[in-house]
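Just so it is clear, none of the values below were taken in a lab; they were calculated from the coordinates. Fair warning: this is a prediction, and the values are worked out from it, not measured in the lab. Methodologically, a virtual Cβ is constructed for each residue, glycine included, from the backbone with ideal geometry; neighbour enumeration extends over all protein chains shown.
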Amino acid sequence: MNLFNLRRKVASFENHHDIQPLHDDQARECLMPSVERPRQVFVRGQGSWLWDSDGRAYLDFTQGGAANSLGHSPSVLVRALADQAQALINPGAGFHNRGMLRLADLLCQCTDSDQVYLLNSGTEACEGAIKLARKWGQRHRNGAYRIITASQGCHGHSLGAMSASDRAGCEGLFEPKVSGFCKVPFNDLQAMHAAVDAQTVAIMLEPIQGDAGVIPASQEYLKGVERLCRELGILLILDEVQTGVGRCGALLAEETYGVRADIVTLGKGLGGGVPLAALLARGTACCAEPGELDGSHHGNALMSTAGLAVLQAVLEPGFFERVLDCGRHFRDGLSHLASRYGQGEVRGQGLLWGLRLVDDSAAAMVKAALQEGLLLNAPQPDCLRFSPALTVSKGNIDEMLLRLARAFARVRTAQLSR
């Protein structure tokens, strides 16, 4: 298409004449393949509920992979975004804005951190943590650069973060990956001790391995790793992208374990559904210099204001106690249902739970649940993951359990009919 015709097409589109929006089925062909998505097109959300283009309601217990910490379109977030969008969206990463400064200050205060860097995603935060650790190794550990991570860990999808991860199905992708990472079994303190050498600069772990099937670190393990880091003078990095911002019944999961990391990454729930993440540093880990961490949208006014609204909401008195109370209700109900249908253990904390299945029927369960108007996630073939809104009601939890029971019945009937 030549430039003249292209300008005509653009003009006609602006006047709502020639170019019509593609039908949903056609529009799907324009998307590069990424995750496998069901056919539903969602058009509206409120709290724990989503509605598709056909007007059907779904109870959402994925909440954008735990990103929608306050549920869909919470009024406090909608108001904050609307007000800020009218005033200032993005003055540029090279300038201060008030939202950036206020969010950084509040994050430092409530997490007892010394410095904060604001980014767009948890992947970017983990990538930043890797850079910060290696910079620290150059300064304080004779150029040490190796980072020990855990088997089945997931720290993101950039090349560096993917290299630090150990996700099934990623072997051989995008080679050569970034070197300098060593993976050891999770919850195995002896293996961790054996893996440390003179080139080790940090240990990077998730307090709860979400993508591995919601597998919590044991108290003994995480405190032992912290002690090892202190004894050897290396950094402890905690990836709290999934567990932070109240998900486990505290602002940071490290609080529930009684440990303190040198570097913490936050994402997902910090923005309440909009792209926002944070890299927190303490003590000598605060070693970044201008130009080493940069991004066009990092710390922009709109996203920072969203994060401030979310953070202020979860810091309200009684919020974490309510998360823990609903979490206990959830765990008890899910455990009863698992026992009724002969399934495995329930694992997790706060409002992040996984149900281990006795077979590899997780994908079938997700599809059956969708037919029942329930949105679930299967991080592993034998595990279902639940990450509802932190504001979920006990009534919604009970409704979820009813729909989940019907999904179990559907899958069982299908298995018996084979």
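Taking 0.36 nm per residue of separation and subtracting the Cα-Cα distance, what length does fully extending residue 101 through residue 182 add? Before the final figure, lay out each step's value.
On the way: separation 81, 0.36 × 81 = 29.16 nm, distance 3.64 nm.
Contour length minus Cα-Cα distance gives 25.5 nm.
Taking the inverse of the mean 1/r over every pair of distinct Cα atoms in region 108-242 gives a Kirkwood hydrodynamic radius of 15.2 Å. Exposed loop sites here mean GluC sites (Glu not before Pro) with a DSSP loop assignment and at most 15 other beta-carbon atoms within 10 Å; the chain contains its longest site-free run at 37-170.
Sort out the exposed loop chymotrypsin sites (Phe, Trp or Tyr not before Pro) in the chain (DSSP loop, at most 13 other Cβ within 10 Å) and tell me the longest stretch that has none. Longest run free of exposed loop sites: 175-418. Amide H contacts for residue 272 (H built 1.01 Å from N in the peptide plane; partners 5 or more residues away or on another chain; cut-off under 5 Å): 69.
Here residue 131 is the anchor, and the aspartates and glutamates within straight C-alpha reach of less than 15 Å, apart from those fewer than 8 places off in the same chain, are 239, 262, 289, 292, 294. The phi-based Karplus calculation (6.51 cos²θ - 1.76 cosθ + 1.60; θ = phi - 60°) puts the 3J(HN,Hα) values of region 114-131 at 9, 9, 9, 10, 9, 9, 9, 8, x, 4, 5, 5, 5, 4, x, 5, 4, 4 Hz, whole numbers, x for Gly and Pro. Taken as Cα centroids, region 39-81 and region 83-132 sit 25 Å apart, rounded to the nearest whole angstrom. Each Lys and Arg adds +1 at its Cβ and each Asp and Glu adds -1 at its Cβ; summed about the Cα centre, the chain shows a dipole of about 400 debye.
Where does the charge balance sit around residue 149 when Lys and Arg score +1, Asp and Glu -1, over other residues with C-beta under 12 Å from its C-beta? Display every interim value, and only then the final one.
Details: positive: 146, 167, 183; negative: 166, 206, 239.
Cβ neighbours under 12 Å give a net charge of 0.
Remark: spin-label model distance residue 405-residue 170 equals 3.9 nm, labels positioned 7 Å along the Cα→Cβ axis.
For the chain, what does the helix formula give at 222 nm: sum of -39500 (n - 2.57) over DSSP H segments with n ≥ 4, over the residue count, nearest 500 deg cm²/dmol? If you can, show how the numbers build up before the last one.
On the way: 14 runs with 167 residues, N = 418.
Calculated from helices alone, the mean residue ellipticity at 222 nm is -12500 deg cm²/dmol.
A Gaussian network model of the chain, with springs between Cα atoms under 10 Å, assigns the largest mean-square fluctuation among 89, 263, 203 to 89. A dipole drawn for the chain from +1 and -1 charges on Cβ atoms has a positive end, and of 368, 47, 70 the residue lying farthest that way is 368.
Over all other residues within a Cβ to Cβ distance under 12 Å of residue 383, the charged ones net out to -2, with Lys and Arg as +1 and Asp and Glu as -1.
How much length would be gained if the chain were fully extended between residue 315 and residue 197, taking 0.36 nm per residue of separation minus their Cα-Cα distance, in nm to one decimal? Could the numbers behind the result be given before it?
Values: separation 118, 0.36 × 118 = 42.48 nm, distance 4.02 nm.
Extra length available between residue 315 and residue 197 comes to 38.5 nm.
A simple rule links phi to the HN-Hα coupling: the Karplus curve 6.51 cos²θ - 1.76 cosθ + 1.60 with θ = phi - 60°, which for region 70-78 gives 9, x, 7, 6, x, 4, 5, 7, 4 Hz, with x for Gly and Pro. Applying the Karplus relation 6.51 cos²θ - 1.76 cosθ + 1.60 with θ = phi - 60° to region 134-148 yields 3J(HN,Hα) values of 5, 5, 4, x, 5, 7, 10, 9, 6, x, 4, 9, 6, 10, 8 Hz, where x marks Gly and Pro.
Remind me, what semi-axes does region 75-314 give for its equivalent ellipsoid, largest first in whole Å, using sqrt of 5 times each Cα gyration tensor eigenvalue?
Largest first, region 75-314 gives 30, 19, 17 Å.
Quick note on region 169-302: its Rg to Rh ratio, both from C-alpha atoms and Rh being the Kirkwood radius, is 0.97.
Our note on the geometry: Cα centres of region 155-175 and region 339-395, 25 Å apart. Neighbours of residue 365, meaning other residues whose beta-carbon lies under 13 angstrom from its beta-carbon, give a summed charge of +3 when Lys and Arg score +1 and Asp and Glu score -1. Amide hydrogen proximity for residue 383: with H placed 1.01 Å from N in the peptide plane, the residues at 5 or more positions away or on another chain lying under 5 Å are 357, 362. Segment residue 412..residue 336, full-extension length gain: 25.6 nm, with 0.36 nm per residue of separation and the alpha-carbon distance subtracted. Remark: region 324-374 is approximated by an ellipsoid whose semi-axes, taken from the C-alpha gyration tensor as √(5λ), come to 20, 14, 10 Å, largest first.
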